[in-house]
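S.K.: Supplied in structure tokens, the structure appears directly below.
The values are calculated or read from the model by the stated rules, or taken from the named source; none is laboratory data. What you see is a predicted model; the values in this text were computed from it and never measured. Every residue, glycine as well, gets a Cβ built from its backbone with ideal geometry; the counts of neighbours run over all protein chains shown.
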């Protein structure tokens, strides 16, 4: 699977900034791959990219039409079928990160077949996986792990990759969720794999490589999340990380989506992840902490990061405000 | 999903006792639900049940024909199609625990439809699951957890249920693998669930119940197995066990299928499972140890169990040799 740019990001009639996370991720991290965004009447949000119609994008050589919105349940509303068929007609492949699959809509499948276009249901892995082996692979690996879901593991991973590329490292970003897959053009939505193959699929994401090559692997969930810890553990074991970066967002008190849950400390998160990771890499180390400080001022965020850096004797940064160079210096 | 007895256990032309694990499990744990076993020319193994042809079984009222064998890859060999079609003709539903699905064979699907029979691909969950919530449920739960895969978690669970039933407990066995599902007539093959729903599916397996009702949940894998720990953790979190029983088989030195792996101690297994289980049930306790001592003499097995019992200050038994009453006394 390889998704070809340039992309046209479709955000429909979205009215909630969070619901266009997939389009926003691409606009933030690979604007050079995006021709623009396309929205329709009623839409009140934007990724910040130029509004571009399907016809205009086609003229500019758009290769892929991205359904860049999501909704609770991941439903593909039938009202978008004419738009999708139009994009197919104008020469584009289609990417969807929704739970509903493009390949379950006969009209879409038929037209794609007629025109020789590709449909990417990136939330549904198509590869055949095997079970994990735990066998050590060559090359180096960094995994981002979190106190919770949605604390910035993907953004941290991408920021780390960006810093490393600038410094001349041989580095790849390994996407494990639909937004990351769109940005990287490939990857595996690890929480959509059959449970038996969690570690095996994770192993396949960062295969043997040159001794000095780094895979920066996007973490998922949290070992302390009652719903998703199994996914986090399978990804951790299969990734065999040499180094971990701990991700956290300020001002959380319960786990995402679970108002009655306990929130783990950063110290506990370090302890749990190191203990579990040692099963497949006894030499694993935590080399830094990444904090989403967007809920406080830049100054307050820096003060908090400085305190945490002292407390844990390692770099602590907000990658979006200050970049990831301080962590890269530890490699 | 409810599989109806009585069963006819088909073991084909198997020559390896381990390959008829599914039929053997049913013969061992629910012989009263089994009319007999059916094998064909070339078969050199047996469950110990009476050889019974499809015609004879049909006359005795067999309701379900069980593909009781497995092979590497879980392939359904086309040579068995005539046998399966014959069983359908003679009034039986079909159960398969193979990776290949009955519903992917048009001849089988067509005949089943014609005759109004049901096809059970019990390794492939059909329920729609939701993600876990971690919300405390009523009733009591016991989960068997292991040092490794295939150390006797299902047999221990069934032995515990049997002892508890005899003592008048209100108790149910919750199956999480294909053999258990055949014995219980229902359950979820937890390692075949989409990873995102691991905990949610596990929660659905032991729903709210009476305060004095016990669910005995069959564990899967091991927190120390590099391939399957994610499954074990999701099941552990979703089960919210009040009590754990640690399962182990003597004379193992590496994890099943992984010759280079480290084997965890019983102490480490207790520590890892208690730590993880506390996330969804802070009051969880380990109440006993169950050892598969079949690789040593009965006398040596008892000596080892007595030593472990003293070391860990809790009952330690081989449930198949000595029953589970000693552990039940702890409840």
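S.K.: Might you let me know whether the stretch B:85-98 holds any residue that is assigned by TED's automatic domain parsing to the domain that holds residue B:116, touching a helix residue (DSSP H, G or I) at 6+ places or on another chain (Cβ under 8 Å), at pLDDT below 95 and within 23 Å of residue B:191 (Cβ to Cβ)?
M.R.: Yes, the stretch B:85-98 has at least one match.
S.K.: When only residues in the stretch A:221-260 that are surrounded by fewer than 24 Cβ atoms within 10 Å (Cβ to Cβ) and free of Cβ contacts under 8 Å to residues at least 60 places away in the same chain count, which is nearest to the chain's Cα centre (by Cα)?
M.R.: Step by step, filter the stretch A:221-260, then rank; the result is A:250.
S.K.: Just give me the residues in the stretch B:33-83 being in a strand (DSSP E or B), more than 20 Å from the chain's Cα centre (by Cα) and buried (at least 17 other Cβ atoms within 10 Å of the Cβ), in sequence order.
M.R.: Within the stretch B:33-83, B:35, B:36, B:38, B:39 meet the criteria.
S.K.: Only one of (1) under 30 Å from residue A:259 (Cβ atoms); (2) assigned to a loop (DSSP other than H, G, I, E, B) is not met by residue A:143, so which one is it?
M.R.: So residue A:143 meets the others, but not (2).
S.K.: If you check every pair at least six apart or on different chains, which have Cβ atoms under 9 Å apart with a residue in the stretch B:271-284 that is farther than 18 Å from residue B:206 by Cβ first and a residue that is part of a helix (DSSP H, G or I) second?
M.R.: Listed by first residue and then by second, the contacts come to B:272/A:275; B:272/A:276; B:275/A:272; B:275/A:275.
S.K.: So which residues in the stretch A:84-99 are more than 15 Å from residue A:115 (Cα to Cα) and surrounded by fewer than 19 Cβ atoms within 10 Å (Cβ to Cβ)?
M.R.: A:99
S.K.: So, one more: With respect to residue A:171, is the statement that it is in contact with a helix residue (DSSP H, G or I) (Cβ under 7 Å, 6 or more places away or on another chain), farther than 20 Å from residue B:131 by Cβ and not assigned by TED's automatic domain parsing to the domain that holds residue A:96 true?
M.R.: yes
S.K.: Oh, and also: For residue A:204, which of the numbered conditions (1) farther than 30 Å from residue B:178 by Cβ; (2) surrounded by fewer than 23 Cβ atoms within 10 Å (Cβ to Cβ); (3) not assigned by TED's automatic domain parsing to the domain that holds residue A:24 fails to hold?
M.R.: Among (1) farther than 30 Å from residue B:178 by Cβ; (2) surrounded by fewer than 23 Cβ atoms within 10 Å (Cβ to Cβ); (3) not assigned by TED's automatic domain parsing to the domain that holds residue A:24, the lone unmet condition for residue A:204 is (1).
S.K.: Quick test for you: out of B:136, B:162, pick the one residue that is in a loop (DSSP other than H, G, I, E, B) and either within 28 Å of residue A:192 (Cα to Cα) or in the same structural domain as residue B:269 (by TED's automatic domain parsing) (or both).
M.R.: B:136
S.K.: Continuing with this model, one more query. Before we move on, is residue A:103 surrounded by fewer than 16 Cβ atoms within 10 Å (Cβ to Cβ) and closer than 18 Å to residue A:178 by Cβ?
M.R.: yes
S.K.: Look at the stretch A:282-293 and say how many of its residues are closer than 23 Å to residue A:251 by Cβ and in contact with a strand residue (DSSP E or B) (Cβ under 8 Å, 6 or more places away or on another chain).
M.R.: Total satisfying the criteria: 6.
S.K.: Criterion first (surrounded by 17 or more Cβ atoms within 10 Å (Cβ to Cβ) and part of a strand (DSSP E or B)) does residue A:288 satisfy it?
M.R.: Yes: the conditions hold for residue A:288.
S.K.: Could you run through the stretch A:88-117 and say how many residues are part of a loop (DSSP other than H, G, I, E, B) and either closer than 26 Å to residue B:73 by Cα or within 22 Å of the chain's Cα centre (by Cα) (or both)?
M.R.: Going through the stretch A:88-117 one residue at a time, the tally reaches 5.
S.K.: Farther than 15 Å from residue A:182 by Cβ and part of a helix (DSSP H, G or I): is that true of residue A:19 in this structure?
M.R.: yes
S.K.: Which residues, counting only those in the stretch A:114-164, are on the phi > 0 side of the Ramachandran plot and either away from chain B (no Cβ under 14 Å) or touching a strand residue (DSSP E or B) at 6+ places or on another chain (Cβ under 7 Å) (or both)?
M.R.: Passing the criteria: A:116, A:139, A:152.
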